[in-house]
Structure formats: structure tokens, C-alpha cells
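Colleague: This is the structure I want to talk about, given as C-alpha cells.
The values are calculated or read from the model by the stated rules, or taken from the named source; none is laboratory data. This structure is a prediction, so every number in the text was calculated from the model and none was measured. Methodologically, a virtual Cβ is constructed for each residue, glycine included, from the backbone with ideal geometry; neighbour enumeration extends over all protein chains shown. Surface areas here come from the heavy atoms of the whole protein model, side chains and all, with no ligands, DNA or RNA. Shrake-Rupley method; radii C 1.70, N 1.55, O 1.52, S 1.80 Å.
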Amino acid sequence: MDTNKLRNEFLSFFESKGHRIIRSDSLVPKEDPTLLFTSAGMNQFKDYFLGKKKDIKRAASCQRCLRTGDLDRVGVTPYHHTFFEMLGNFSFGDYFKQDSIVWAWEFLTKRLNLKEKDLWVSVYQDDDEAYGIWQTQIQVVPEKISRFGPQDNFWPANALLDGPNGPCGPCSEIFFDWGVDRGCQKPECNPSCSCGRFVEIWNLVFTQFNRVGVNETQPLPFNNIDTGMGLERMSSVLQGKASNFEIDIFQPIVDQVKAFMKTKDSRSVRAIADHVRAVVFAISDGVYPSNEDRGYVIRRILRRALWFGFSLGRKKPFLYDLVAAVSETMKQAYPEVCRKSDIISQVIRAEEERFLNTLDKGKQVLSSYIAEAVQDKKDLISAEEVFTLYDTYGFPYELTESILKQKGLKSDFAGFEELLEKQRKSSRQRSKFQEGVFTSDAFLNRRCEFIGYDISGQEISVKVKDVLSFGDETKRGLVLDKTPFYFTSGGQLSDKGIIRNAVGENSFIFQVEDVDKIGDCLVHKGVFISGDLADAVDTDLKAVAIVDMARRRALARAHTSTHLLQAALRKVLGAHVQQQGSLVDEDYFRFDFTHFKGLSQEEIIVVEKEVNSYILDDFPVEKVILSLAEAKKQGALAFFEEKYEEQVRVVKISSVSKELCGGIHLARTSQAGSFFIISESSISSGIRRVEAVTGKKAYSLAAKKNEILLSAGAMLKTAPEGIQKSLNALVAKNKEYSKTLNNLRKKIFENSEARVLLNQKSCLVKDKKLVIFELKDSDTEFLRQSLDILRKKAKDKTIILGFIQDADKLTLNISCTKDLLIAGFSCKIVASAISERLGGSGGGRDDFGFAGAKGLKNISEEKIKELSIEILGNY
């Protein structure tokens with residue numbers, strides 16, 4: 001049975017058992033800060049397990065998942081992956097152990113036609129109920145039912161002893177037996193043996209307890225079922241493959257990797273195939289390689305795959321060429337990956353090129369570590385240094401070890417492993433639920449209705465339900481029964497304003513500075529301007545809420561403009577543009593989006609004109625409530641990090657824009673006034689950021705620009721429209737003067753200064769002559785020319801180092817005579833070592849090195865000389 005059919009068979013089977021089929025959630029967990037990635041099928045049903053949602057009693061899904069806790073085992077074992085799919089059926093206070101076990105057995109033996117003789121099961125050691133169902137109803141012989149302890153057959157593993165507190169329960173696992181001729185072949189072999197004969201194919205978790213302390217549990221008010229079957233692992237069984245990497249959705253990727261590498265199957269080949277799947281799906285779900293959080297994880301996985309290719313002899317980008325193979329094998333279940341394959345390829349290629357450059361930087365850093373070790377007469381590179389190379393520069397340990405071996409050095413591998421294990425534990429923690437993830441909090445049953453979409457500054461009658469205290473003694477939080485204050489959400493900052501009560505002994509004025517949403521509870525944070533309320537108040541204390549409408553209108557101008565900007569960007573740059581984040585403030589916003597290069601000045605102008613055109617067209621801004629399915633059917637854009645309910649709010653602007661959005665917006669686009677882009681930059685690989693202003697801030701910017709134009713025109717003695725022509729003439733004349741001055745200075749340097757420098761600014765380092773000089777009031781171009789002049793005039797075995805300083809920035813160039821190059825001397829390595837010591841960066845070629853550093857003020861020529869002599873002495 002092929003994998004696509006298995007996926008469909010599972011879902012159709014449980015649909016026939018009354019389960020609602022739920023589409024796979026994104027790899028990015030929605031509104032769940034306890035997880036970096038969706039790591040299990042039950043993640044998206046957390047609110048149902050908590051009892052916060054009750055509209056579904058039975059559900060089934062095929063969930064795409066990503067885990068990194070066992071990264072080092074990927075490619076080594078037949079079954080470990082970073083990205084995989086998890087089939088699961090779930091019950092929320094409905095059926096329990098009996099139906100779960102009976103249906104699992106029915107699906108395996110009737111739908112998939114597995115032979116009963118090939119199936120074994122395990123139960124928790126004290127779970128007599130599950131044992132009895134397997135033995136009496138399913139009629140599994142006792143010899144094939146194993147009782148295991150809390151480490152193997154309890155969820156979370158060993159939770160009774162180690163925690164966390166919260167819902168937990170025993171589980172029952174089903175194993176497939178490959179046969180007595182596999183594995184250790186011992187007569188006593190059973191599912192507890194790790195020889196490979198038995199493979200776990202399904203885990204049935206019976207969530208029936210609430211852990212309240214060490215080995216102390218209480219029954220839950222209702223029991224839940226949470227099962228998980230690895231799609232790839234089950235496919236390997238059905239297809240008779242000894243490894244998941246041989247199944248139909250994996251083998252084509254493995255084959256292409258082998259073709260690229262011109263090699264046979266290996267751990268590295270399998271790891272590359274696995275990792276590229278993880279990266280492709282993460283990027284498809286909006287997670288781009290970066291240095292933070294999820295993006296950092298994806299960057300590490302991608303670079304790990306690239307390193308495996310590097311170790312197999314592939315020295316240039318190749319992962320981007322595997323995207324087509326991944327999207328082709330997965331297109332039936334995930335057609336969106338096919339649609340995005342071009343953009344995914346571009347992101348991966350950009351990251352590959354970035355990593356190859358980083359490897360070069362890592363080599364430079366390692367060179368400086370080696371130089372320091374030699375100077376200090378040590379034969380060991382510290383664990384911290386090796387880990388810095390690995391973690392900061394993506395420098396594989398194997399490469400570090402290889403280079404050190406060539407230099408007769410070694411590293412503190414044990415210490416490095418210790419640091420790496422700390423990182424792994426942290427990664428595993430972020431892949432699991434944190435303690436208290438299922439426990440109720442103070443806000444679990446609180447409700448506060450937002451009623452503020454259509455207000456015009458009037459006082460809104462409300463009731464104060466609670467007063468909360470924070471760490472800052474002056475800060476308080478008010479919880480109301482309903483509120484006109486919009487809360488911080490979707491990038492938009494919250495409303496501000498006043499809550500007050502002028503009647504009786506409880507009179508007060510409370511200034512609202514921020515509004516946060518915690519669950520379904522809105523907390524109004526701020527300070528009491530007059531009066532105060534006790535930390536606990538009687539419910540239904542009457543008050544009035546007044547929103548700062550000037551701020552509200554400024555936020556609305558900025559928010560509607562983000563929608564107009566995205567529409568313009570998609571029109572000018574292409575449909576690949578997709579929102580990645582935003583911040584909406586008063587008449588100012590920033591907007592992050594997918595794109596692979598900086599916008600040209602012409603593109604910025606066109607986008608700006610397009611948005612202002614939308615504003616001037618005075619389009620109505622419509623807000624309608626639709627089902628999520630209908631909204632998507634109509635082509636409404638959604639921001640990948642937002643979690644949407646079944647009913648969603650759609651903001652439509654004529655035929656220009658249609659987005660899912662719960663934020664505050666204008667009634668018509670003309671109310672935005674005008675729009676200007678103030679900056680465009682890169683924030684990570686494949687992600688650009690635009691900052692813009694609208695409304696009053698746009699007017700202020702335009703007025704300031706006009707003031708500057710008038711001032712410049714007065715200085716140039718021309719009207720504003722003649723400024724560009726006058727400046728062009730002035731720049732051309734300045735270039736001519738600069739060229740004349742530079743030629744004159746070059747001749748003076750060549751005829752007199754060069755001779756002085758070679759004779760008076762030199763010293764011997766070992767058998768080499770080192771010439772060091774600083775050029776005052778010069779630029780990088782003249783610095784380079786000066787080195788060329790000195791190199792041509794110098795005798796053999798001469799190294800020339802010159803530098804310039806501008807404010808707090810130092811620029812340094814190194815060159816050498818031809819005989820040193822022939823002997824193997826590298827200016828690039830020396831420049832990199834110097835830059836590392838100065839806290840900067842460097843590079844270049846063997847015949848010409850450059851370095852730069854910031855934050856240095858008036859560093860002396862003598863200091864550069866001392867540093868250079870030290871590094872050359874250890875070269």
C-alpha cells in the first residue's frame with residue numbers, strides 16, 4: 001500500500017467511526033508559547049483536552065510534525081526523522097480504552113490486512129483494564145502482551161516520578177514483528193529488545209489521571225484518548241521495507257541525493273533527504289532561516305544537511321535542487337508545497353550561499369584560535385571555542401577536528417559534548433509541553449467581550465470584575481465584563497484611554513496604557529490617576545470606559561495602510577510576497593514580507609505611488625464575517641502566525657485587498673491621508689522589512705522634505721525643480737577635482753613618501769620585513785593604491801600593512817611580495833587574524849587581505865605594529 005493511500009485509509013476509517021477529520025495544522029503552533037514547533041498530533045487539540053472547547057468529541061488527523069531532540073540519530077537508525085507525519089485519533093471525554101483498542105486492532109487487521117500473528121502489544125504495568133481488553137476481547141495470547149514500567153508505557157514518560165503535574169495516563173503500544181530471523185534471534189526476544197526485530201507502530205494514550213505530586217494522582221473529571229501512528233513507519237511495514245528511507249515518499253529524494261553526490265546510500269545521504277524535507281515544509285509554513293527561535297532551528301537543520309553534502313565532496317549549493325523532488329512526492333497531500341516550490345528553492349539557495357561564506361569566516365576564527373594556542377604553547381583548543389565555531393558559525397566539529405589534526409593540535413571533545421548536550425536538552429524542552437501546560441490559570445474561565453469596533457468616542461458603560469497587581473507596585477490590571485478597548489493583537493498595538501467611576505466611595509480614574517489578551521480574558525494595564533481599588537473588588541462595580549480616539553484613528557490609518565502596502569508589493573514584486581510580521585503604531589508601521597533581494601529605488605517609488613493611488617481612490621473598507629473555508633475559497637490572505645476560528649473577520653478593500661484580520665480599520669481608504677516609505681531593509685534570509693508612515697506623520701515628513709528642498713535650492717541658487725541638475729553638475733566637478741588631487745597625491749607618495757616608509761617604517765619579523773603605516777585624511781581607494789606602489793618598490797620577503805581611521809572605524813589592508821606568495825604566505829589569513837583580535841571582520845585573497853573594525857578610537861600605529869608582529873610571529 002502506498003503512503004498516500006495509507007493516509008486516506010486511516011482518515012476514512014475513523015470518519016466512519018464518527019470522528020471529525022481535521023486538516024493538519026501548521027508546523028508553527030498557534031498561540032502556544034510552550035512549543036517551537038508542532039511536535040505531535042494532539043498539539044492542535046489542546047483546548048479540547050483542557051475542556052475550553054467542547055464542539056468536537058471525536059477527531060482524527062494526519063499532522064505534520066517537526067522534532068529536533070534526536071537530531072544526531074537521523075540517518076543512523078531506520079526510523080528517526082526531524083520532519084514526519086503523525087496519524088492520530090482523539091476522544092475528548094467520549095470513548096475510552098475499549099473502543100480505542102478495538103478500533104486500532106480492526107484498522108490494522110481488517111483495513112490494512114496485517115496478520116494477527118505479526119502483532120504484539122504492551123501495556124502499563126498496573127493497567128489491568130487494558131491488559132484484560134487485549135486478552136479477553138482481542139484474544140491476544142498472554143505471551144504477546146508485555147507489561148512495561150512508567151518510562152516506556154506512561155505519558156508523559158516517567159511522569160509519576162519526574163512530573164510535570166497535570167493530565168497524564170498509561171499507554172498501550174502495538175508492535176510489528178519482522179520475524180525470528182531478524183535482530184538478535186534470541187528465543188526470549190520481545191518488544192523491549194532494541195535489536196530491530198520489533199517496531200512500534202501505534203501508541204494509544206489513555207489520559208485518565210491528574211498528577212498533583214510525586215507518585216500522587218487524582219482521577220480526571222473526564223477521560224481522553226490520544227493516539228499516534230507514525231505514517232512513514234507504518235508505510236515501511238506495509239511496503240516491506242527495513243527502513244523508512246526506502247518507502248515511496250522518501251526513496252525518490254534519497255535517489256536524487258545519491259545522484260548529486262555520486263555515492264551509494266549512507267548515513268549522510270539519508271540525513272540530507274530527511275533534513276531537506278523538514279526545511280521545505282518549515283519554509284512552506286512561513287518559517288525562514290534566521291538567528292532567532294524557529295528560524296534558528298531551521299537554519300541549523302539546513303546547514304547540517306549542507307555539511308553532510310560538503311563532507312561527501314559537494315562544495316557548492318545543491319539542497320535547493322532537491323525541492324522539486326520533495327514537492328513532487330508530497331503533492332497529493334500538500335499541494336501548497338508545489339505552489340510554493342520556486343520561492344522555497346530561492347530561500348534555500350540564498351541560505352546555502354550564506355553558509356558557505358560563514359564556513360570561510362569560521363576558518364578565519366579557527367585560525368586565530370590556533371595562533372593563540374601556538375603562542376601560549378598549548379596543544380588544546382578549548383571546548384568553548386569549539387562550541388562557538390559550531391554554534392555561531394555553523395562550523396561542523398568534524399571539520400574543526402580535521403584542521404586541528406593538520407596543525408598537530410586537538411580539542412576538548414568531552415567539554416564540547418557537554419555543551420552540546422545542554423543545547424540538546426534545551427531543544428528537547430522546547431519540543432515538549434512545559435509544566436502546567438494543561439493546568440488551569442486565573443484567566444481560564446474569564447470572559448471579556450470586545451465591543452469596540454464601532455465607537456466614536458462615547459462613554460461605554462462597563463463593570464469592573466477584578467483588579468490585578470503586577471511586580472511594579474504602581475501598575476494595576478482591570479478586568480471588565482466587556483470593553484471597547486482593542487487589545488494588542490496581530491501586530492497592532494492596543495488602544496489607550498480612561499476607565500473611571502465618579503460616584504460614591506469607590507470613585508477612581510484609571511489610565512489605560514496597554515490591553516493584553518490572556519485566553520479569553522482582556523486585561524487593561526495602567527495606573528490609577530486618582531482613587532484606587534483593592535486587589536479584590538466586589539463584582540459588577542459600575543464604571544465607564546473612554547477610548548482615546550485620536551490614537552484609535554492613527555492606529556486605524558496605519559493598519560489599513562499595511563493591507564494596501566501588501567497589495568501593492570504583490571502587484572509590483574509578485575504573488576510570492578507574503579506577510580511575515582508587522583508592528584502597527586500611531587501613523588507608523590513596519591511590515592515584514594517574503595522577498596529575496598532589496599527593493600530598488602524605482603521599485604520603492606512605484607510601490608509608494610500604488611499605495612497613494614489606492615488612498616486617493618477612496619475605496620470603502622468592508623468588514624464581513626465568513627466561515628474560514630469560505631474566506632479561503634474567496635482568496636483571502638492569512639498571516640501564518642495567527643490562529644483563526646471557524647468564523648473569521650475578513651477586511652476587503654475593493655478588488656485591491658482581501659485579508660483575514662480582526663484589527664481596527666478605517667471606513668474608507670482616503671482617511672489614511674497619504675503614505676511614505678521611510679526605510680527598506682533585510683531582517684533575515686529571504687525576509688525584507690518596510691517601515692512607513694501615514695496620516696499626520698506622513699504630512700510631517702512631506703513638510704520636512706519640502707523644507708529641505710527649499711533650503712537646498714537657496715544654497716544652490718536654483719528653484720527646487722533645478723536642484724537635481726545643479727547637484728549633478730556639482731558632483732561631476734567634485735569628482736574631477738578629486739581625481740586631480742588623487743593623481744597628484746599618488747605621484748608625491750610614489751616619488752618621496754614610499755621611499756621613507758620602506759626605510760623608516762619597517763622592522764624584521766623572523767626573516768621577513770614588515771612595513772606598517774597609517775594614512776591620514778585618506779580613503780580606501782588611495783590606501784589600496786599605496787600598497788600597490790610599495791609592493792612594486794619593495795625587495796623580496798616584504799609584508800606591507802597600511803590602515804586608515806575614520807571616526808570610530810578602522811580599515812586595514814595587507815599585501816606582500818611575490819616570493820612570499822610562492823612560499824605559501826596568505827595575506828587573507830593574517831588580515832582575518834588581526835580583525836578577529838580587533839573585534840571586526842576580514843577576508844580577501846592570498847595576495848591582498850583586508851580587515852575592518854568599529855568602535856575603535858585613535859588606535860595607534862604602534863598598537864597595530866605590536867599586534868601584527870605577534871600574529872606574524874606565530875604564522
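Colleague: If you filter segment 703-743 for trypsin sites (Lys or Arg not before Pro), then keep DSSP loop positions with at most 11 other Cβ within 10 Å, what is left?
Modeller: Lys717
Colleague: Sticking to Cα atoms, compute the Rg of segment 533-600 to one decimal and its Dmax as the biggest Cα-Cα distance, whole number, in Å.
Modeller: My reading of the Cα-based Rg and Dmax gives 19.3, 60 Å.
Colleague: Arranged from highest to lowest average of other beta-carbon atoms within 10 Å per residue, in what order do the peptides 189-195, 43-49, 210-216 appear?
Modeller: 43-49, 189-195, 210-216
Colleague: Per residue and in cubic angstrom, what volume does the convex hull of the Cα atoms of the chain have?
Modeller: Convex hull volume per residue, Cα atoms: 220 Å³.
Colleague: Next question. So which chymotrypsin sites (Phe, Trp or Tyr not before Pro) in segment 460-553 end up in coil per DSSP with only 14 or fewer other C-beta atoms within 10 Å?
Modeller: For chymotrypsin sites (Phe, Trp or Tyr not before Pro) across segment 460-553 that sit outside H, G, I, E and B with at most 14 neighbouring Cβ atoms in 10 Å, the list reads Phe470.
Colleague: Now, a different point. Send over the semi-axes of segment 351-417's equivalent ellipsoid, whole angstrom and largest first, taken as the square roots of 5 times the C-alpha gyration tensor eigenvalues.
Modeller: 20, 13, 10
Colleague: Taking Lys53 as the anchor, which lysines have their alpha carbon closer than 16 Å to its alpha carbon, excluding any fewer than eight residues away along the same chain?
Modeller: Lys30, Lys643
Colleague: Got a sec? Which residues in segment 257-282 would a label at Ala324 touch, if it sits 7 Å along Cα→Cβ and we count backbone N under 19 Å?
Modeller: 257-262, 273, 276-277, 280-281
Colleague: Also, I was wondering about something else. Treat segment 23-179 as a sphere of radius equal to its Kirkwood radius over Cα pairs and apply Stokes-Einstein at 20 °C in a medium of 1.002 mPa s; give the translational diffusion coefficient in µm²/s, rounded to a whole number.
Modeller: D = 122 µm²/s.
Colleague: What nm value, rounded to one decimal, do you get for the distance between Asn728 and Glu459 when each label is placed 7 Å out toward the C-beta?
Modeller: A separation of 6.4 nm, rounded to one decimal place.
Colleague: Using the Karplus curve 6.51 cos²θ - 1.76 cosθ + 1.60 with θ = phi - 60°, what ³J(HN,Hα) values do you get for each residue of segment 173-184, in whole Hz, with x for Gly and Pro?
Modeller: 10, 10, 10, 9, 9, 6, x, 5, 7, 9, x, 6
Colleague: Modelling each spin label as a point 7 Å along the Cα-to-Cβ direction, I'd like the Cys195/Lys5 distance in nm, to one decimal.
Modeller: Calculated label separation equals 3.3 nm.
Colleague: Another question, if that's okay. Please list 3J(HN,Hα) in residue order for segment 65-81, calculated via the Karplus relation 6.51 cos²θ - 1.76 cosθ + 1.60 where θ = phi - 60°; whole Hz, with x for glycine and proline.
Modeller: Rounded to whole hertz, the list is 10, 9, 9, 10, x, 10, 4, 5, 8, 5, x, 8, 9, x, 10, 7, 9.
Colleague: Right, something else. Measure out, as a whole number of angstrom, how far apart the alpha-carbon centroids of segment 1-64 and segment 342-363 sit.
Modeller: Centre-to-centre distance over Cα atoms comes out at 34 Å.
Colleague: Further question on the same structure: Hey, can you grab everything whose amide H is under 5 Å from the amide H of Asp466? Only 5+ residues off in sequence or another chain; H modelled, so Pro and N-termini drop out.
Modeller: Val479
Colleague: With the full set of protein chains in place, find how many percent of the accessible area of segment 675-786 is carbon and sulfur; take the probe as 1.4 Å.
Modeller: 55 percent
Colleague: Shifting gears a bit: Please compare each pair in Lys623/Lys697; Lys361/Lys747; Lys482/Lys623; Lys496/Lys597; Lys361/Lys746 to a cut-off of 30 Å on the Cα-Cα distance and tell me which ones are over it.
Modeller: Those over the limit are Lys361/Lys747; Lys496/Lys597; Lys361/Lys746.
Colleague: Taking 20 °C and 1.002 mPa s as the conditions, I'd like the Stokes-Einstein D for segment 102-256 in µm²/s, using the Kirkwood hydrodynamic radius from alpha carbon pairs.
Modeller: 127 µm²/s
Colleague: To the nearest 10 square angstrom, what accessible area does Trp178 show with a 1.4 Å probe?
Modeller: The accessible area comes out at roughly 40 Å².
Colleague: Next question. Taking square-rooted eigenvalues a ≥ b ≥ c of the alpha carbon gyration tensor, is segment 178-330 rounded, prolate or oblate, where a/c under 1.5 means rounded and, failing that, a/b exceeding b/c means prolate?
Modeller: oblate
Colleague: In addition: Rounded to the nearest percent, how much of the accessible area of segment 449-551 (1.4 Å probe, protein heavy atoms only) is carbon and sulfur?
Modeller: 47 percent
Colleague: Let me ask you something else. Go ahead and run the numbers for FRET between Lys863 and Gln760, Cβ-Cβ distance against an R0 of 30 Å, rounding to 0.05.
Modeller: Approximately 0.95, to the nearest 0.05.
Colleague: What nm value, rounded to one decimal, do you get for the distance between Glu15 and Val503 when each label is placed 7 Å out toward the C-beta?
Modeller: With each label placed 7 Å out from Cα toward Cβ, I get 5.7 nm.
Colleague: Per the helix-only calculation at 222 nm, which mean residue ellipticity applies to the chain, given -39500 (n - 2.57) for every DSSP H run of n ≥ 4 and division by its residues, nearest 500 deg cm²/dmol?
Modeller: Helix-only estimate at 222 nm: -12000 deg cm²/dmol.
Colleague: Let me ask another. Work out, step by step, the length gained on full extension between Lys475 and Gln647: first 0.36 nm times the residue separation, then minus their alpha carbon distance; give nm to one decimal.
Modeller: Length gained, Lys475 through Gln647: 58.4 nm.
Colleague: With only alpha-carbon atoms counted, please give the Rg and Dmax of segment 529-648, in Å.
Modeller: In Å, with Rg to one decimal and Dmax whole: 19.6, 61.
Colleague: Output ³J(HN,Hα) for segment 802-818: one whole-Hz value per residue in order, computed from phi by the Karplus curve 6.51 cos²θ - 1.76 cosθ + 1.60 with θ = phi - 60°, and x for Gly and Pro.
Modeller: For segment 802-818, the Karplus curve yields x, 8, 10, 10, 9, 6, 9, 10, 10, 10, 10, 10, 10, 9, 7, 6, 4 Hz.
Colleague: Still on this model: Rounded to whole Å, give me the distance from the Cα center of segment 165-183 to that of segment 196-245.
Modeller: The distance from the Cα centre of segment 165-183 to that of segment 196-245 comes to 7 Å.
Colleague: In addition: Could you tally the net charge around Lys316, taking each other residue with its Cβ under 11 Å from the Cβ of Lys316, Lys/Arg +1 and Asp/Glu -1?
Modeller: 0
Colleague: Across all directions of projection, what mean area in square nanometres is found for the Cα convex hull of segment 211-278?
Modeller: 8.0 nm²
Colleague: Also: Apply 1/(1 + (r/R0)^6) to the Cβ-Cβ distance of Thr740 and Leu716, taking R0 = 25 Å, and write down the FRET efficiency to the nearest 0.05.
Modeller: E(calc), rounded to 0.05, equals 0.65.
Colleague: Further, regarding this structure: Expressed in whole Å with the largest first, what are the equivalent ellipsoid semi-axes of segment 452-507 derived from the C-alpha gyration tensor as the square root of 5 times each eigenvalue?
Modeller: Semi-axis lengths for segment 452-507 are 21, 18, 10 Å.
Colleague: Tally up the carbon and sulfur contribution to the accessible surface of segment 47-184 as a whole percent, 1.4 Å probe, everything protein left in place.
Modeller: Carbon with sulfur: 46 percent of the solvent-accessible area.
Colleague: If you count the DSSP beta bridges with both ends in the chain, what percent of them are antiparallel, to the nearest 5?
Modeller: Antiparallel: roughly 85 percent of the beta bridges in the chain.
Colleague: Write out the GluC sites (Glu not before Pro) in segment 551-648 meeting two conditions: DSSP loop, and at most 15 other Cβ atoms within 10 Å of their Cβ.
Modeller: Hits after loop and neighbour filter: Glu645, Glu646.
Colleague: Send over a whole-number figure in Å² for the accessible area per residue of the chain, probe 1.4 Å.
Modeller: On a per-residue basis, the chain sits at 47 Å².
Colleague: Right, next: Can you give me the C-alpha center-to-center distance between segment 603-677 and segment 799-875, rounded to a whole angstrom?
Modeller: What the calculation gives is 53 Å, centre to centre.
Colleague: In addition: Going down the table (Lys115/Lys241; Lys766/Lys795; Lys609/Lys633; Lys405/Lys797), which pairs top 24 Å between alpha carbons?
Modeller: Lys609/Lys633; Lys405/Lys797
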